[in-house]
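The values are calculated or read from the model by the stated rules, or taken from the named source; none is laboratory data. Everything numeric in this text was worked out from a predicted model, so none of it was measured. In this analysis, Cβ positions are derived from the backbone assuming ideal geometry, glycine residues included, and neighbour counts consider all displayed protein chains.
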Amino acid sequence: MDCQSPIKGDTVDMAPLIHMPEPLCLIENTNGPLLVNPEALKILSAIRQPVVVVAIVGLYRTGKSYLMNKLAGKNKGFSVGSTVQSHTKGIWMWCVPHPKKPNHTLVLLDTEGLGDVEKKFFPVKKCFIFDLPTHQKKLAQLETLHNDDLDPKFVQQVAEFCSYIFSHSKTKTLSGGIKASGSHLENLVQTYVNAINSGDLPCMESEVLTLAQIKNSVAVQKAIAHYDQEMGQKLQLPAETLQELLYLHRASEKKAIEVFMKNSFKDEDQGYQKKLEMQLAAKQNDFHKRNLEASQNRCSALLEDIFHPLEENVKQGVYSKPGGHRLFIQQRDELKAKYNQEPRKGIQAEEALQKYLESKESMSVTILQTDLALTAMEKEIEGITEEFIKAEAQRLMESLMQHQQMMESRKIFHQEQVRLMETNRVYQEALQQRVMECQLQVLIKKRLKSSRRNCKLRTENFMMNSRIFQGMTHQMIHASYSKELKH
Ligand SMILES: Nc1nc2c(ncn2[C@@H]2O[C@H](COP(=O)(O)OP(=O)(O)O)[C@@H](O)[C@H]2O)c(=O)[nH]1
Ligand SMILES: [Mg+2]
């Protein structure tokens, strides 16, 4: 068969992504709602190539599954004949590489069998007449027979049928000329099944719109996720400047829009792109708020940490002294410089510092008032001390003068004493002199008495002289005695 030859080259044409050795149930037709098989959806979503969808409908046991296996280039696959009874009812799917269109995937959909459907769905028809495939007796084992065992006419008719299908079945295209891939089909399947289950009749136009909505919503989500990831990786909060934040936002926004463009689908009037831009703007706003908060938190923590020693000093009264305010200001300015040197404080750096300083202004004023009061008191004490010292000095001077006077008096007294002692010495000498004179007088008297007999004249003369001497001595003693009494 012509249609089989390209499929035999599976290993050449088969895209590595698709591997379906046999069909899978896509939609299960239970007594309740239709169920979509997630395994089949997963296979559809992995198909990135454009798809050609071939579905078959018709009455039971009319050879539909047999023909679909032929389109797949296989003898076995979709259940043929009696085996159908045991199989899940619904729509079965088999994805194979398209035998004629390179890089396309052929999606074969086999239905379990419907009633009179022909009039309803197919406005254009192309009819093929098949001869009896083989001898009546062999028909039951039809799927096990090779072409050699079949009627060549039948083999030929099947080949023509397959060839026609391959060449005439168009790539699945959605309204607006969009070529559908497996993932579009996946969305369509879900949309159709949801619509049918909820009682709505699926409408192709609305399906495309729904598909666009799904696709574009996903594209927006992907774009936002990309933006978040970019910002999360590159933005360190708080940003040093507003420009840094804006620059990062714009770069991430640009990349996010690129991601959206890549994933969007029929974004009429750029409605979804605008939505995305609005969301990004909101995110930017949010980042501004977070940046502000982060900056405030960092600055508060820094201020608390850096100014802690100053506040501790205030508590301990280090500045409660004359000149304390100047010391306080000096240390405060040193800590301000330390704060200003800290990196990455963000946009609140200056404002947070000013607010902090303002909040401590009353503290500064109190320190200043205390300082002034203590300084004034100290000056007063100094004034008092000065007067005291003056008075003390005066007192000392006076007592010194008194001392000097006393010393002077003492000196005079001492001199007087020396003089007295001298006078006394003279007196003592004079006294001794007198005693000696008296002794001499007694001696002379004794001698005179002994010589009296010898010389009367001489004695009378001597006596006369002696009386004169006596008178003189008396005057001397009298004078000396009067002097002593005077002192
Ligand atoms: N007479 C005849 N029998 C066929 C033909 N194709 C398939 N069959 C046989 O018809 C039975 C039903 O075929 P099947 O493909 O399962 O029909 P389906 O129920 O429409 O899917 C099977 O036993 C097949 O062997 C055909 O072209 N002519
Ligand atoms: Mg069948």
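The C-beta contact set for segment 52-66 (first residue at positive phi, second residue within 10 Å of ligand 1 (Cβ to nearest atom) and part of a helix (DSSP H, G or I), distance under 6 angstrom, 6+ apart or interchain) comprises G58/K64.
Of the residues in segment 256-265, at least one is under 29 Å from Q213 (Cα atoms), of a type in the set (S, T, N, Q) and out of contact with any Cys (no Cβ under 8 Å at 6 or more places or on another chain).
Going by the conditions given, is L59 buried (at least 21 other Cβ atoms within 10 Å of the Cβ) and either at pLDDT below 95 or in a strand (DSSP E or B) (or both)? Walk me through it before giving the result.
On the way: buried (at least 21 other Cβ atoms within 10 Å of the Cβ): no; either at pLDDT below 95 or in a strand (DSSP E or B) (or both): yes.
The answer is no for L59.
I want to confirm something. Restricting to segment 76-90 and keeping residues that are closer than 14 Å to N37 by Cα and away from ligand 2 (no atom under 11 Å from the Cβ), which single residue is modelled with the highest pLDDT? Spell out how you get there, then give the answer.
First pass over segment 76-90, keeping only residues closer than 14 Å to N37 by Cα: 88-90.
From what's left, away from ligand 2 (no atom under 11 Å from the Cβ): 88, 90.
Numbers: T88: 69, G90: 87.
Of everything passing the filter in segment 76-90, G90 is modelled with the highest pLDDT.
Of all the residues in segment 356-388, those that are in contact with a helix residue (DSSP H, G or I) (Cβ under 9 Å, 6 or more places away or on another chain) and farther than 13 Å from S320 by Cα number 3.
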